[in-house]
Amino acid sequence: MKRGQPIGIFDSGIGGLTVLRELKKLLPNESFVYVGDTAHVPYGNKSNDSIIKFSKKLTSFLVEQHNVKLVIIACNTASSIVINDLNKSFSVPFIDVISPLKSYLLKPNNEFIQNIGVIGTHNTISSNAYNQFLKEVNINFKIFSKACPLFVPIIEEGLADHEVSKIMIAEYLDSLMKNKIHALILGCTHYPILLNQISSYLGKDVKIINSAYVVASYTKEYLNENAEQNQALTTTKLYLTDESQHFNMFATKFLNTDFNYIKKINLF
Ligand code: DGL
């Protein structure tokens with residue numbers, strides 16, 4: 001791993017941009033290469049075999065064509081399914097979006113959290129990855145999970161501010177509220193795009209855990225420990241596996257045009 005190399009990031013679509021934005025704030029001297037697999041979004045209802053195949057292709061692109069020093073799997077669905085396969089197949093280090101939550105949950109100001117809601121895609125919830133992980137952090141956590149499969153298409157279609165998102169938030173989160181959760185983990189990197197809407201539904205008594213910020217701080221610590229923070233001029237390059245007008249519009253607004261370009265690539 002070399003200082004001058006960029007950091008690679010992948011997701012199925014625009015969700016990982018929530019992680020990229022936090023990374024750019026915390027690591028302004030780093031370069032980034034982001035790839036959104038818009039040809040296959042959503043990952044949340046694809047088979048494990050497909051998600052492994054797609055994730056390997058995206059990683060190869062980042063490693064072989066961009067010589068990245070580190071890959072951030074900015075997708076909970078992929079993080080819960082592919083991490084072992086990726087570690088076996090590539091020598092580049094990976095950071096997933098689930099395990100960095102450990103130190104966050106163990107902070108003294110989070111001691112009040114006992115009942116935890118987790119929302120994610122069908123695949124993330126049915127993989128049980130969060131349940132296993134949270135029980136390892138604290139066996140006494142009470143975990144209430146809920147798959148919210150329509151959130152990703154709503155977000156990818158640019159409907160976060162539409163009435164339909166409010167209706168679906170109420171539909172999905174009602175049962176979690178009945179379980180008196182103290183915190184809600186946004187177990188999909190797309191969901192922070194609905195943060196305001198989710199937080200108005202939950203009210204101020206439920207803490208929302210947005211892994212985008214947690215993953216970015218974890219990455220910063222990781223690079224510091226390995227003395228690998230860049231100091232040079234930086235670039236941010238975005239790649240898509242299929243055309244997506246909404247991706248272009250969203251990235252421009254969300255990253256405040258702070259990137260070099262968006263290009264379509266033929267990976268599949
Ligand atoms: N943003 C991803 C996640 O964190 C992928 C969602 C999807 O494509 O279904 O799970």
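Compute the Cα gyration tensor for region 1-52, then decide on rounded, prolate or oblate, letting a ≥ b ≥ c be the square roots of its eigenvalues: rounded whenever a/c is under 1.5, prolate when a/b is larger than b/c in the other cases, and oblate in all that remain.
prolate
How would you classify region 90-244 from its alpha-carbon gyration tensor, with a ≥ b ≥ c the square roots of the eigenvalues: rounded for a/c under 1.5, else prolate if a/b is greater than b/c, otherwise oblate?
oblate
For a quick check, take a GNM of the chain with Cα springs below 10 Å and name the residue from Phe90, Phe61, Phe32 with the largest mean-square fluctuation.
It is Phe90.
Would you mind getting me the FRET efficiency between Ile139 and His182? Use the beta-carbon distance for r and R0 = 22 Å, nearest 0.05.
The value I calculate is 0.85.
Multiplying the sequence separation of Lys56 and Lys102 by 0.36 nm and subtracting their Cα-Cα distance, what value in nm do you get?
14.0 nm
So what is the diffusion coefficient of the chain in µm² per second by Stokes-Einstein at 20 °C and 1.002 mPa s, using a Kirkwood Rh over Cα pairs?
115
Please tell me the relative contact order of region 46-178 in percent, rounded to the nearest whole number, where contacts are Cα pairs under 8 Å and at least six residues apart.
Relative contact order of region 46-178: 19 percent.
All other residues with a Cβ under 10 Å from the Cβ of Leu86 taken together, and with Lys, Arg as +1 and Asp, Glu as -1, what is their net charge?
Residues close to Leu86 contribute a combined charge of 0.
Are any of the pairs Lys102/Lys146; Lys24/Lys102; Lys53/Lys88 more than 18 Å apart by Cα-Cα distance, and if so, which?
Cα-Cα > 18 Å for Lys102/Lys146; Lys24/Lys102; rest within.
Round to the nearest 10 and give me the degree value, 0 to 90, for the angle of helix 211-225's Cα axis relative to the longest principal axis of the chain.
50
What list of ³J(HN,Hα) couplings, whole Hz, do you get for region 108-119 from phi and the Karplus terms 6.51, -1.76, 1.60, once you set θ to phi - 60° and write x for glycine and proline?
The phi angles translate into x, 6, 9, 4, 5, 7, 10, 9, 10, x, 10, 10 Hz.
Put one equal scatterer on each alpha carbon of region 103-157, apply the Debye formula with no solvent term, and list log10 I(q)/I(0) at q = 0.16, 0.28, 0.29, 0.30 1/Å to two decimals.
Calculated log10 I(q)/I(0) at the listed q: -0.56, -1.08, -1.12, -1.17.
With a ≥ b ≥ c taken as the square roots of the eigenvalues of the C-alpha gyration tensor of region 157-268, please select rounded if a/c is under 1.5 and otherwise prolate if a/b is larger than b/c or oblate if it is not?
Here region 157-268 falls in the oblate category.
With labels modelled as points extended 7 Å from the Cα through the Cβ direction, what inter-label distance (nm, one decimal) is found for Phe90 paired with Asn131?
Simple spin-label model gives 2.9 nm for this pair.
Can you tell me the order of 256-262, 50-56, 22-28 when each peptide is scored by its average per-residue count of other Cβ atoms within 10 angstrom, highest first?
50-56, 22-28, 256-262
On a 0 to 90 degree scale, rounded to 10, what angle separates helix 245-254 from the longest Cα axis of the chain?
For 245-254 against the chain, the angle is about 80 degrees.
Estimate the FRET efficiency between Asp174 and Lys264 by the formula 1/(1 + (r/R0)^6), using the beta-carbon distance for r and 35 Å for R0, to the nearest 0.05.
0.30
Can you show me the helix-derived [θ] at 222 nm for the chain, built from DSSP H runs with n ≥ 4 at -39,500 (n - 2.57) apiece and divided by the number of residues, rounded to the nearest 500.
For the chain, the value works out to -12500 deg cm²/dmol.
Can you tell me the 0 to 90 degree angle between the C-alpha axis of helix 76-89 and the longest principal axis of the chain, rounded to 10?
Around 40 degrees separate the two axes.
Less than 18 Å apart at the alpha-carbon level, and either on another chain or at least 8 residues along: which aspartates and glutamates does that give for Lys207?
Partners found: Glu111, Asp174.
What does the extension gain come out to for Met249 and Asn115, with contour length at 0.36 nm per residue minus their alpha carbon separation?
Fully extending the segment from Met249 to Asn115 adds 44.5 nm.
Counting pairs of alpha carbon atoms under 8 Å apart in space and at least six apart in sequence, what relative contact order in percent does the chain give?
Relative contact order here is 28 percent.
No lab work stands behind these numbers, since they all come straight from the coordinates. What you see is a predicted model, and the numbers here were worked out from it, not measured in a lab. We place every Cβ from the backbone using ideal geometry, glycine too, and count neighbours over all the protein chains shown.
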